[in-house]
Amino acid sequence: MSSRDAILARLRDNRPDPAAHALPPVARLGDMDASRARFEKSLALLGGQVLAPQEGESLSAAIARRFADAKIICSAVPEFEGTVRIEELGTPQTAANVDVLVVRAPFGIAEMGSIFLSEAQLPTLNSAAHLTQHIVVILSESTLTANMHTAYIERPEFHTARYGVLMSGPSATADIQGVLVRGAQGVRTLSVWWEQ
Amino acid sequence: MKVKPVNHARAAEAFIKDTPHLTFHDERLWDLRQKRDQQMHELPEWQELRTLASQIKEHTLANLPEYLEQFEANAKKNGIHVHWAADGAEHNRIVGEILEKHGAKSLIKSKSMVTEECNMREYLEPRGVVVTETDLGERIQQLDNQMPSHIVVPAVHKLTPDVAKLFAEHYHTDPNDDDPQSLAWSQRLAARPVILAADAGMTGGNFVVAETGSFVVCTNEGNADLSATVPGLHIATLGIERLVPRMADLGVFVRMLSRSALGSPITQYTTHFRGPQDGSEMHVVLVDNGRSHRLGMEDFWTSLKCIRCGACMNTCPVYRRSGGLSYGAVYSGPIGAIIDPTFNERKYSTLPFASTMNGSCTNVCPVRINIHDQLYKWRRVLAEHHELPFVKREVMNMAGRLLGQPKLYRAAISGTETALGVLPRFALYNWLNPWGKNRELPHPVKQTFHSWYKQNRLKTKKKGEDA
Amino acid sequence: MPGTGVRMKIGLFVPCYIDAFYPKTGIATLELLEKLGQDVEYPLDQTCCGQPMANSGCNKDAAAAEALFVKNFAKYDAIVMPSGSCAHHVKDNFDAIPQTDEVRHVRKNTYELVEFLHDVLKVDAFPWAEFPHKVGLHNSCGTLRALRTASMSELGEPFFSKPMDLLTKVRGISFATPRRPDECCGFGGTFSVTEEAVSAKMGVDKVRDHHDAGAEYIVSADTSCMMHQQGCAERAGVPIRFIHIAEILNGARA
């Protein structure tokens with residue numbers, strides 16, 4: 001017998017009575033506030049930032065101001081040029097040189113300040129989202145969903161994306177004596193730009 | 001040769017002697033417990049979430065064969081290669097073969113307790129595969145050649161100077177630089193080239209979704225995403241108990257995992273893998289390694305609900321004062337003490353006794369595992385299987401007999417109204433000896449309650465009756 | 001007489017370590033119940049509830065003690081004891097012997113002193129009690145998480161505390177709040193000797209926590225915890241005193 005069949009047979013022999021353990025209906029609990037204010041509060045808690053325009057500033061002007069030293073700015077959105085397009089990166093080795101990556105998230109989750117990215121937003125190179133030093137995420141307020149329950153119930157991406165990441169602020173660690181360090185292995189900062 | 005039981009008490013004693021490490025360890029984990037409490041207070045539905053999480057997990061475990069088959073079918077449809085491993089050896093062989101087929105000589109991996117169970121690094125390294133842990137805490141433990149001491153914060157028993165020393169040795173950094181920010185930066189700089197050059201990447205999986213054939217990995221550093229997306233080959237090691245039926249069930253679990261573990265609302269990264277990218281390959285290895293056997297243990301199967309948040313460790317007053325390594329096992333703390341004996345009853349026979357059974361672990365468990373009840377039940381099982389030390393068995397047997405015979409019992413304490421005659425000399429001078437090492441004995445008294453009562457109540461009552 | 005006026009025939013159980021080391025606690029319990037108008041008897045043939053053997057896994061070795069316990073106490077309306085851990089054993093784990101009607105009666109009607117005063121007698125005043133000291137309340141894990149005589153911090157439930165309800169009826173008493181009020185003190189029965197180092201460390205941390213919060217006394221419904229804590233405090237030189245809740249409620253002034 002293969003290990004597969006042996007494992008399944010043993011599970012069938014040993015399991016508790018399935019009739020005694022019904023599956024509860026899908027839960028839709030918690031605070032249903034899907035506001036931008038709640039999202040921003042959660043985002044701040046997890047170390048993310050809002051890139052706010054100064055007096056009618058465009059996205060590219062705001063990026064130039066915020067990341068003045070950036071040499072390679074990679075764009076994954078049509079309305080912003082940057083110095084290189086994500087499709088042109090080709091390899092992770094090239095992506096590792098990117099200073100700032102600009103992407104658009106299909107939705108955000110107010111409870112967590114999370115944004116979602118998948119291969120649809122990171123064409124040809126999912127690793128670009130983690131190899132870049134900084135990431136700027138364009139997000140529309142209208143795509144905010146209240147919490148994790150509503151996100152999993154409502155968003156089709158969880159069923160269609162082959163790679164789907166919820167990023168909640170930048171990469172972080174507290175593995176050395178409990179001290180919080182933002183920018184561990186992945187992005188050092190994550191900024192949200194609200195779509196006008 | 002018989003395996004020797006882990007001497008938790010002795011290891012804990014050594015841990016306690018090092019005051020700076022002990023104090024930090026206790027305070028740090030207590031702080032995580034406090035942060036977890038704050039998060040709980042912010043969610044009025046917390047207890048309802050715990051109940052749901054428990055019900056979903058119990059349902060899934062009772063229907064595990066069907067859900068595993070459903071997962072397998074969907075994962076294959078998505079282009080994932082699915083493997084099954086009955087035990088650690090088979091898991092390691094499967095991973096070794098995948099790597100060999102691709103000519104992969106370097107493997108970067110994120111934290112996975114299952115690969116620790118399997119001793120995978122020890123298997124792969126002699127076969128010419130360089131395995132690099134990419135989680136900072138796990139990497140620290142790898143460099144120090146130690147097991148993780150905690151399932152979420154693997155190097156929580158270390159202080160900054162310990163890390164500075166290790167990094168100086170391996171990364172040639174300044175041994176006197178003990179700033180956590182700069183040490184973490186050193187790890188980033190050291191890890192990047194290894195990640196970029198790796199032939200293969202490996203992750204674990206926090207949740208496995210039957211409905212979609214997906215698995216979910218929760219991390220804070222982004223190292224799992226790097227390990228999975230940079231090389232063209234991703235292998236995920238998944239414990240078979242990690243299944244949930246529906247994608248929407250994740251709402252319940254993701255809301256509680258990081259809140260329970262670290263007191264943060266969510267991990268920085270919650271990543272859903274449903275299939276390989278074009279030009280890449282994705283494998284999952286479904287690992288049993290004793291789980292199907294545990295499912296048949298009436299009193300202990302619910303330990304399979306565990307989502308590895310570590311909340312029981314953070315709250316455990318014994319764990320906080322003994323350190324994870326003192327358990328001598330992959331899983332430490334309260335959850336370890338009820339899981340480890342299923343791997344090796346004799347070796348881990350001491351662990352269910354490394355507890356005061358205070359019950360705090362049960363209260364913080366997000367999936368409502370009755371941890372302290374299981375500790376109590378394990379003690380019975382171990383006693384019945386003769387896995388208790390001889391002296392303890394003898395003392396209990398003797399005490400049991402004495403306490404069943406009031407006249408003998410009274411005789412044993414009469415004449416010595418003072419205290420310690422109560423205890424048979426054998427017990428006192430052998431087994432109970434440690435009491436006085438760091439504690440005073442109770443003060444002797446002139447009269448037991450028993451003789452006070454006879455003197456002050458029975459006599460007066462009789463007088464009353466006479467009158 | 002304060003309370004509901006219920007009068008019961010009570011069997012008093014005085015655990016072995018209270019009998020031998022802390023007779024004052026046993027006396028206070030008896031006198032207090034008498035003051036509250038109860039008909040109390042102390043069966044002379046009592047020894048132990050069986051807990052030490054059962055908690056060590058040696059459940060079979062607890063059978064003789066459990067059988068004797070039932071023999072001694074089956075005839076009473078209520079069995080009351082100044083010990084949370086013993087009450088927890090009898091109520092929740094007492095299964096080394098066949099569960100006859102007598103055994104079930106004993107288990108169902110066993111009470112830890114505080115829950116008996118609070119829930120059964122519903123005592124609303126202790127006019128004789130005055131304790132002009134700052135105390136730190138230690139809830140043993142048995143009373144807290146098994147008998148549920150107080151709210152548990154891990155669950156975020158609304159605050160309640162039966163021992164605190166009783167103690168606030170004592171004149172002059174004030175309370176210190178330790179940083180970790182729910183933390184186990186590390187006694188744990190045989191744990192205190194098999195895991196001596198951890199046990200003693202937990203004990204000294206516990207007494208320091210109370211002392212740093214300004215407590216002059218640690219008060220508890222469990223003498224076993226206090227026996228351990230007192231041993232730790234004395235060895236470490238932490239100046240704090242210990243008193244059983246029965247003694248305060250019975251009118252002890254110090």
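For the Cα atoms of chain B, what angle does the longest principal axis make with the long axis of helix B:333-343, in degrees from 0 to 90, nearest 10? Approximately 80 degrees, to the nearest 10. The alpha carbon centroids of segment C:1-70 and segment C:119-137 are separated by 21 Å.
Over all distinct Cα pairs, what is the inverse of the mean 1/r for chain C, reported as the Kirkwood hydrodynamic radius in Å? It would help to have the intermediate numbers written out before the result.
Values: mean 1/r = 0.0543 Å⁻¹.
About 18.4 Å for chain C.
Here segment B:34-75 and segment B:135-160 have alpha carbon centers that stand 28 Å from each other.
Residues whose amide H lies under 5 Å from that of residue A:85, counting only those 5 or more places away or on a different chain, are A:75; hydrogens are built 1.01 Å from N in the peptide plane. Shown here are the Rg and Dmax of the Cα trace of segment C:9-120, at 13.1, 40 Å.
Helix content alone sets the calculated 222 nm mean residue ellipticity of chain C: runs of n ≥ 4 DSSP H residues at -39500 (n - 2.57) each, divided across all residues, give -10000 deg cm²/dmol.
Each label point was placed 7 Å from the Cα along the Cα-to-Cβ direction; for residue C:92 and residue A:153 their separation is 3.6 nm. Calculated FRET efficiency, residue C:155 to residue A:1, Cβ-Cβ distance, R0 = 51 Å: about 0.65 to the nearest 0.05.
Extension gain, residue A:195-residue A:17: 0.36 nm per intervening residue step, less the Cα-Cα distance, totals 58.9 nm.
Label-to-label distance for residue B:127 and residue A:9 is 2.6 nm, based on points extended 7 Å past Cα in the beta-carbon direction. Using only the Cα atoms of segment C:134-249, build the gyration tensor, take square roots of its eigenvalues as a ≥ b ≥ c, and label the shape rounded, prolate or oblate: rounded if a/c is under 1.5, else prolate if a/b is larger than b/c, else oblate. Oblate shape, in that a/c is at least 1.5 and b/c is the bigger or equal ratio. Rounded to the nearest 500, the 222 nm mean residue ellipticity of chain B from helices alone is -14500 deg cm²/dmol, with -39,500 (n - 2.57) taken per DSSP H run of at least 4 residues. Each Lys and Arg adds +1 at its Cβ and each Asp and Glu adds -1 at its Cβ; summed about the Cα centre, segment B:43-289 shows a dipole of about 400 debye. Sorting the segments A:159-165, C:101-107 by their mean number of nearby beta carbons within 10 angstrom, highest to lowest, gives A:159-165, C:101-107. Remark on segment A:31-194: ratio of C-alpha radius of gyration to 2.2 N^0.38 Å is 1.00.
Working note: 222 nm ellipticity from helices only, DSSP H runs with n ≥ 4, each -39,500 (n - 2.57), summed and divided by the residues of chain A, gives -6500 deg cm²/dmol to the nearest 500. Put one equal scatterer on each alpha carbon of the protein assembly as shown, apply the Debye formula with no solvent term, and list log10 I(q)/I(0) at q = 0.07, 0.08 1/Å to two decimals. After summing over all Cα pairs, the log10 values are -0.62, -0.78. Taken residue by residue and averaged, Cβ atoms of other chains lying within 10 Å of the Cβ of B:176-182 number 3. A DSSP coil position with no more than 16 other Cβ atoms inside 10 Å describes the following GluC sites (Glu not before Pro) in segment A:1-103: A:55, A:57, A:79, A:81.
Against the compact-protein benchmark of 2.2 N^0.38 Å, the Cα-based radius of gyration of segment B:191-327 scales to 1.16. Close amide H pairs (under 5 Å, H built 1.01 Å from N) link residue A:171 with A:183, A:184, A:186, A:187, residues at least 5 positions away or on another chain.
Residue B:132 sits among other residues whose Cβ lies under 12 Å from its own Cβ, and their net charge, with Lys and Arg +1 and Asp and Glu -1, is 0. For the protein assembly as shown, the dipole from Cβ point charges (+1 on Lys and Arg, -1 on Asp and Glu) about the Cα centre works out to 2780 debye, to the nearest 20. Take each residue of peptide B:227-239, count the partner chain Cβ atoms within 10 Å of its Cβ, and average: the result is 3. When the charge dipole of chain A is built from unit charges on Cβ atoms (+1 for Lys and Arg, -1 for Asp and Glu) and taken about the Cα centre, the candidate among A:105, A:90, A:8 whose Cα reaches farthest toward its positive end is A:8. Rounded to 0.05, the FRET efficiency of the residue B:21 and residue A:65 pair, given R0 = 56 Å and the Cβ-Cβ distance, is 0.75.
For chain C, a crude dipole built from +1 on the beta carbon of Lys and Arg and -1 on the beta carbon of Asp and Glu, taken about the Cα centre, is about 340 debye to the nearest 20. For the peptides B:63-75, B:249-261, residues were scored by their other Cβ atoms within 10 Å and the scores averaged per peptide; the highest-first order is B:249-261, B:63-75. Bridgeable aspartates and glutamates around residue B:101 (alpha carbons under 20 Å apart, same-chain partners fewer than 8 residues away excluded): B:90, B:122, B:125, B:199, B:278, B:281.
Applying the Karplus relation 6.51 cos²θ - 1.76 cosθ + 1.60 with θ = phi - 60° to segment A:165-174 yields 3J(HN,Hα) values of 10, 8, 9, 10, x, x, 4, 8, 8, 9 Hz, where x marks Gly and Pro. Our summary gives segment A:31-194 a relative contact order of 29 percent, counting only alpha carbon pairs under 8 angstrom and 6 or more residues apart.
Summary value for chain C: 21 percent relative contact order, contacts being C-alpha pairs under 8 angstrom separated by 6+ residues. Looking at segment A:1-98, which trypsin sites (Lys or Arg not before Pro) are DSSP coil and have at most 12 other C-beta atoms within 10 Å of their C-beta? Answer in residue order: A:71.
Sorted fewest first by neighbouring Cβ atoms within 10 angstrom, B:453, B:331, B:123 come out as B:123, B:453, B:331. According to the square roots a ≥ b ≥ c of the eigenvalues of the Cα gyration tensor, what is the shape class of segment B:43-289, taking rounded for a/c under 1.5, prolate for a/b larger than b/c otherwise, and oblate for the remainder? Oblate, because a/c is 1.5 or more while a/b does not exceed b/c. Projecting the Cα positions of C:103, C:181, C:227 onto the charge dipole of chain C (unit charges on Cβ atoms of Lys, Arg, Asp and Glu, taken about the Cα centre) puts C:181 furthest along the positive direction.
Annotation: the residues B:338, B:413, A:86, sorted from fewest to most other C-beta atoms within 10 Å of their own C-beta, follow the order B:413, A:86, B:338.
Pairs of Cα atoms in chain B fall into 10 Å distance bins, from 0 up to the last occupied one, in shares of 4, 17, 26, 23, 13, 7, 5, 2, 1, 0, 0 percent. As a rough footprinting exposure proxy, the listed residues B:269, C:111 were ranked by other beta carbons within 10 Å of their own, and the order from fewest upward is C:111, B:269. Segment A:85-145 and segment C:207-221 have their alpha-carbon centroids 55 Å apart. The modelled label-to-label distance for the pair residue B:189/residue B:440, using points 7 Å beyond Cα in the direction of Cβ, is 5.7 nm. What is the calculated FRET efficiency for residue B:45 to residue B:171, with r their C-beta to C-beta distance and R₀ = 30 Å, to the nearest 0.05? It comes to 0.10.
Every number here is computed from the coordinates shown, using simple stated rules; none is lab data. None of these values were measured; they are calculated from a predicted model. Reconstructed Cβ throughout: ideal geometry from the backbone, glycine too, with neighbour counts over all protein chains shown.
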